[in-house]
Amino acid sequence: MKDSIKTIAFDGDDTLWMNEPYFQEAEKQFCELLENYLPQHSVSQELFNTEMKNLSLYGYGVKGFMLCMMETASRVSNRTASLELIDKIIANRQELLQKPIELLQGVPRTLEQLKGRFRLILATKGDLLDQERKLQRSGLEDYFDHIEIMSDKKVSDYQKLLKNLDCRPENFLMLGNSIKSDILPVLELGGYGGHIPYHVTWTYEQHEHNLKHVNFVELKSIDGILNYL
């Protein structure tokens, strides 16, 4: 890996800064609001079902999450949800957008060590405005030579990214917390992947199987990549 890598891309949410715990907190509050209609675990499952149904329409991020909460509330309540309840759901979403940006351990040090030695890329998916806001508030923007906010992270999306970067797969390393989105598509293209596990992962992004691949490395934390480069 050491001699071939020229470009290193980083995921944003739950790789550079905390994200999923905020969404889980918002989901818990949502389920509590609807517990008069269904048990909280059932509301959670209904919300996930709505998210999966609408994923191709809304994509990833807080705005799609909000629309799915509204749709789920309407369905679960059999369209009897009060305006007061809807207002609380909207307030929940606005609170989610205002959460502070908390950098994960080792992030500034790692970027500082790699800056200048490699071309550094932010390759994250989600709502454009929300991800731009997070990056700006993170204070990390100046570390990156290129910023790509992706609508999805499938093989075709990485192909487009590599083409835009004029980068060959064998010169590309992707670091992220999701095996499904950050690692597997890149390995399929012939690139390198480094998994940085996070203590909570959205159900959709979970990958249960142990991954073994010559171009794959499992890290305990983000600064562990420094031992491979």
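A short reminder: the numbers here are calculations on the coordinates, not readings from a lab. Note that this is a predicted model, so its numbers are computed, not measured. Neighbour counts are summed over all protein chains in view; Cβ atoms, including those assigned to glycine, are modelled from backbone coordinates with ideal geometry.
The Cα atoms of the stretch 46-156 give a gyration tensor whose axes a ≥ b ≥ c have a/c of 1.5 or more with a/b greater than b/c, which makes the shape prolate. The long axis of helix 20-33 is offset from the longest Cα principal axis of the chain by roughly 10 degrees.
Grab the DSSP H runs of the chain that are 4 residues or longer, score each as -39,500 (n - 2.57), total them, divide by all residues and round the 222 nm result to the nearest 500 deg cm²/dmol. Value at 222 nm, helices only: -13500 deg cm²/dmol. How many nm is it between the label spots at residue 105 and residue 137, if each spot is 7 Å from the Cα in line with the beta carbon? Label-label distance for residue 105 and residue 137, simple model: 2.4 nm. Restriction of the trypsin sites (Lys or Arg not before Pro) in the stretch 84-125 to DSSP coil positions whose beta-carbon has at most 11 other beta-carbons within 10 angstrom yields 117.
Database remark: amide H of residue 150 closer than 5 angstrom to the amide H of 124, 125, 126 (H placed geometrically; neighbours at sequence offset of 5 or more, or on other chains; Pro and chain starts carry no H).
Could you tell me which GluC sites (Glu not before Pro) in the stretch 1-37 are loop residues by DSSP with no more than 14 other beta carbons within 10 angstrom of their beta carbon?
Sparse-neighbourhood loop GluC sites (Glu not before Pro): 35.
Here residue 212 is the anchor, and the lysines within straight C-alpha reach of less than 22 Å, apart from those fewer than 8 places off in the same chain, are 2, 153, 154, 180, 220. For the stretch 1-41, trypsin sites (Lys or Arg not before Pro) are listed when DSSP marks them as loop and at most 12 other Cβ atoms sit within 10 Å of their Cβ; the list is 2. Helix 128-138 axis versus longest C-alpha principal axis of the chain: approximately 60°, rounded to the nearest ten. Placing pseudo-labels 7 Å out from each Cα toward the beta carbon at residue 91 and residue 212 gives an inter-label distance of 5.4 nm. The GNM of the chain, with springs linking C-alpha atoms under 10 angstrom apart, assigns the highest mean-square fluctuation among 36, 215, 49 to 36. Distance from the Cα centre of the stretch 68-106 to that of the stretch 152-166, in angstrom? When both Cα centres are located, 32 Å separates them. Helix 155-165 and the long axis of the chain differ in direction by around 50°, with both axes built from C-alpha atoms.
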